[in-house]
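> One structure coming up, written as structure tokens, with questions to follow.
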Amino acid sequence: MCGIVGYIGKRDVAPLLLEGLQRLEYRGYDSAGIVITSPKASGLKMVKAKGRVRDLEAKVPKRFAGTTGIAHTRWATHGAPSDENAHPHLDSEGKVAVVHNGIIDNATELRAKLVADGIEFLSETDTEVLVHLVARSQAVTLEEKVREALRHVEGTYGVAVMHADFSDRIVVARNGSPVVLGIGEKEMFVASDIAALVSHTRQIVTLEDGEMATLKADDFRTYTTEGSRTTATPTTVEWEAESYDMGGHDTYMHKEISEQSDAVDRVLRGRIDDRFSTVHLGGLNLDAREARGIRRVKILGCGTSYHAGMIGAQLIEELARIPADAEPASEFRYRNPVVDPDTLYVAVSQSGETYDVLAAVQELKRKGARVLGVVNVVGSAIAREADGGMYVHAGPEVCVVSTKCFTNTVVAFALLALHLGRIRDLSVSDGKRLIAGLRKLPAQIAAILETEEEIKKIAEEYAGAQSMMFIGRVRGYPVALEASLKLKEISYIHAEAYPASELKHGPLALIEPALPTVAIVPDDELLEKNRAALEEIKARSGRILAVAHREQEKADHTIVVPKNETELDPILMGIPLQLLAYHTALAMGRDIDKPRNLAKSVTVE
Ligand code: HGA
């Protein structure tokens, strides 16, 4: 959350930073700001605006020249979205500028002390304390001033600091919120994620927690917050700048839904081992003997990743016969969990930076657990912190709500389950059967995407609903949960998901013509049970949309999806429901890529 971008070099900085902010806008979009200077300038020039980056752009004066600057797009945690609360924040003399991602936990006490000392605050943010602390420091260098300020601060930060008296540098620091340096030719960049950097440089350095860096036009150096030098070797990022473009689609969500067939192909590529009817997952760092010793699997994720983890847990139980379950990482980390040495913990996060998941991983590591990461962003914090893991190779996902990354994560779990299964008791023939099923997925996804027009028509019928119910049984339940989350996130229609088996234990009371039900009805051993649930809804005049492998008589509409192996069916059944959410939200005129109150990469608590 919150996008930070900074530049120091010879180029005109404002257009460069505004372009960077556009690329980061998915991280926060309630307000934005920019501050610039140049070696010859006498001070800092700043513009801030409530709203989107385009609102900031409209406020930037024609003459706004500079060659050094930092900029920010905000997702508010402390203080409402407003011009005043937008970052950067300046000290009273207008010499120090700070952009910040994270939360300063002791901001209230620090603010009280600073106010008692006569400092006047201009915003309600937690961030502003930091700027005054830097400005008040008596230290000689900017690095020392920032270091001293950070010593007072408890909480999380990715920060970038400029100072009018030190206009040859930008100082940055990281603790819990991502900071990435982009290394150019006689120019340096900094950002909260690589999306803002890839059109300028492929050479990046990811700061560790507790690290700081000084960027000058022709040089950078990294060191700990205590001041000792660290070695930072730039790595080359693989993602193409074009992957961040809309590519002819009207929204990123639509683009990302349509990319799923290729994305799934990527997560499978190079991993299937036909000889032993299994898959290679070298990055797990788990040998066969260790894998046989696992007695439980606990999957931790948040939001959509948690739902992917629920499907993953079912796959692991079914294929590897290891007891497995998923839990929201945000809950797990606060309930003093029993950490068992024979349990394999799996942390799931698209960005690999999700704060709640990262904190759970750190707590687990502290207690000596073995943790795997299932993440999309290569080299991200969770990937680095975990003992091993799998990249899901979905490619950059820009829309705030996750689609292709969800699908790829579930496929990654199918690979993990197959791998663990074949080390244990899954037979060669089952291994073969599942591999054949996995290979069919890309073409089957493409076939589902071809039914978009039909789904669009159905979505337009449901767009007026006040509320919707989603039901599924066993493998279908996490599919229902994810579909209901997707719908509520982007259409703002209230939606609930229940196990179909639970209907008559309560939620059936809600059924009436105005409450449509979306039912997941696969052709599996539970088909007749699911049909009975449809009967019960119909008997109460409920409208039904079924997602099934064949037409369902009791349903008002059926979206028929291709059949795969029963264990893999949940992967396909979620896809038409992404399109349902998309077209429902579109028919309601929602801002699909930037849903209200949300942002991508939840790097704050
Ligand atoms: N706490 C700061 C920054 C918020 C943030 O990092 N969001 O992702 C603020 O509220 O401005």
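> Can you list the strands (runs of 3 or more DSSP E) lying wholly within the range 141-213 that have 3 or more residues being without any contact (Cβ under 8 Å) to a residue 12 or more places away in the chain?
Of the strands (runs of 3 or more DSSP E) lying wholly inside the range 141-213, none has at least 3 residues that are without any contact (Cβ under 8 Å) to a residue 12 or more places away in the chain.
> Please indicate, with yes or no, whether at least one residue in the range 516-531 is open to solvent by 20 Å² or more (accessible area, probe 1.4 Å) and over 17 Å from Val474 (Cα atoms).
Looking through the range 516-531, none of the residues is open to solvent by 20 Å² or more (accessible area, probe 1.4 Å) and over 17 Å from Val474 (Cα atoms).
> For the list (1) over 30 Å from Val267 (Cα atoms); (2) out of contact with any Ser or Thr (no Cβ under 8 Å at 6 or more places or on another chain); (3) open to solvent by less than 20 Å² (accessible area, probe 1.4 Å), I need the number of the one condition that Ile537 fails.
(2)
> Filter the range 587-604 for residues that are more than 16 Å from the ligand (Cβ to nearest atom) and touching a residue at least 60 places away in the same chain (Cβ under 8 Å); which is nearest to the chain's Cα centre (by Cα)?
Restricting to residues being more than 16 Å from the ligand (Cβ to nearest atom) and touching a residue at least 60 places away in the same chain (Cβ under 8 Å), the top hit is Asp593.
> Residue under question is Asp55, and the condition is that it be farther than 30 Å from Pro595 by Cα and open to solvent by 10 Å² or more (accessible area, probe 1.4 Å); does it hold?
Spelling it out, it is not the case that Asp55 is farther than 30 Å from Pro595 by Cα and open to solvent by 10 Å² or more (accessible area, probe 1.4 Å).
> Something else now. If a residue has to be of a type in the set (Lys, Arg) and either at pLDDT below 95 or in a loop (DSSP other than H, G, I, E, B) (or both) to count, how many in the range 471-497 make the cut?
2
> Same structure, new question: Is it fair to say Leu510 is open to solvent by 40 Å² or more (accessible area, probe 1.4 Å) and not β-branched (Val, Ile, Thr)?
yes
> Could you figure out which of (1) within 16 Å of the ligand (Cβ to nearest atom); (2) of a type outside the set (Phe, Trp, Tyr); (3) modelled with pLDDT under 95 isn't true of Gly6?
Failing condition for Gly6: (3).
> Of the numbered conditions (1) within 16 Å of the ligand (Cβ to nearest atom); (2) open to solvent by 10 Å² or more (accessible area, probe 1.4 Å), Ser42 fails exactly one; give the number of that condition.
(1)
Matching residues to (1) touching a Ser or Thr at 6+ places or on another chain (Cβ under 8 Å); (2) assigned to a helix (DSSP H, G or I); (3) within 12 Å of the ligand (Cβ to nearest atom):
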{"position": "Lys48", "(1), (2), (3)": "yes, no, yes"}
{"position": "Pro61", "(1), (2), (3)": "no, no, no"}
{"position": "Ala76", "(1), (2), (3)": "yes, no, yes"}
{"position": "Pro81", "(1), (2), (3)": "yes, no, yes"}
{"position": "Glu93", "(1), (2), (3)": "no, no, no"}
{"position": "Leu110", "(1), (2), (3)": "no, yes, no"}
{"position": "Lys113", "(1), (2), (3)": "no, yes, no"}
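> Only one of these conditions is not met by Met253: (1) under 19 Å from Ala320 (Cβ atoms); (2) among the aliphatic types (A, V, I, L, M); (3) under 24 Å from the mean Cα position of the chain (by Cα). Which number is it?
Here Met253 meets the rest and fails (1).
> Still on this model: List every residue pair whose Cβ atoms sit under 8 Å apart, with the two residues 6 or more apart in sequence or on different chains, where the first one lies in the range 66-77 and is free of Cβ contacts under 8 Å to residues at least 24 places away in the same chain and the second, anywhere, is within 14 Å of the ligand (Cβ to nearest atom) and of a type in the set (A, V, I, L, M).
Going by the 8 Å Cβ cut-off, there are no qualifying pairs.
> Another one. Thr225 is checked against (1) surrounded by 15 or more Cβ atoms within 10 Å (Cβ to Cβ); (2) over 25 Å from Val99 (Cα atoms); (3) touching a Lys or Arg at 6+ places or on another chain (Cβ under 7 Å); (4) not aliphatic (A, V, I, L, M) and fails just one. What number does that condition carry?
(2)
> Could you list, in sequence order, the residues of the range 9-30 that are assigned to a helix (DSSP H, G or I), within 13 Å of the ligand (Cβ to nearest atom) and not basic (Lys, Arg)?
Leu24, Glu25, Tyr26
> Can you confirm whether Ile435 is part of a helix (DSSP H, G or I), of a type outside the set (Lys, Arg) and within 26 Å of Glu208 (Cα to Cα)?
Spelling it out, it is not the case that Ile435 is part of a helix (DSSP H, G or I), of a type outside the set (Lys, Arg) and within 26 Å of Glu208 (Cα to Cα).
> State all residues of the range 95-108 that are more than 10 Å from the ligand (Cβ to nearest atom), open to solvent by less than 60 Å² (accessible area, probe 1.4 Å) and outside any loop (DSSP other than H, G, I, E, B); if no residue qualifies, say none.
Val96, Ala97, Val98
> Mind checking whether some residue in the range 163-171 is over 22 Å from Thr354 (Cβ atoms) and within 16 Å of the ligand (Cβ to nearest atom)?
No, every residue in the range 163-171 fails to be over 22 Å from Thr354 (Cβ atoms) and within 16 Å of the ligand (Cβ to nearest atom).
> Which one is farthest from Gly388 (Cα to Cα) among residues in the range 255-282 that are open to solvent by 40 Å² or more (accessible area, probe 1.4 Å) and part of a helix (DSSP H, G or I)?
Ser258
> Might you check whether a residue that is under 31 Å from the mean Cα position of the chain (by Cα), closer than 27 Å to Ala213 by Cα and crowded, with 23+ Cβ neighbours inside 10 Å occurs anywhere in the range 132-145?
no
The values are calculated or read from the model by the stated rules, or taken from the named source; none is laboratory data. Only a predicted model underlies this, so the values are computations on that prediction, with no experimental measurement involved. Every residue, glycine as well, gets a Cβ built from its backbone with ideal geometry; the counts of neighbours run over all protein chains shown. The area values use the complete protein model at the heavy-atom level, side chains included, leaving out ligands, DNA and RNA. Shrake-Rupley method; radii C 1.70, N 1.55, O 1.52, S 1.80 Å.
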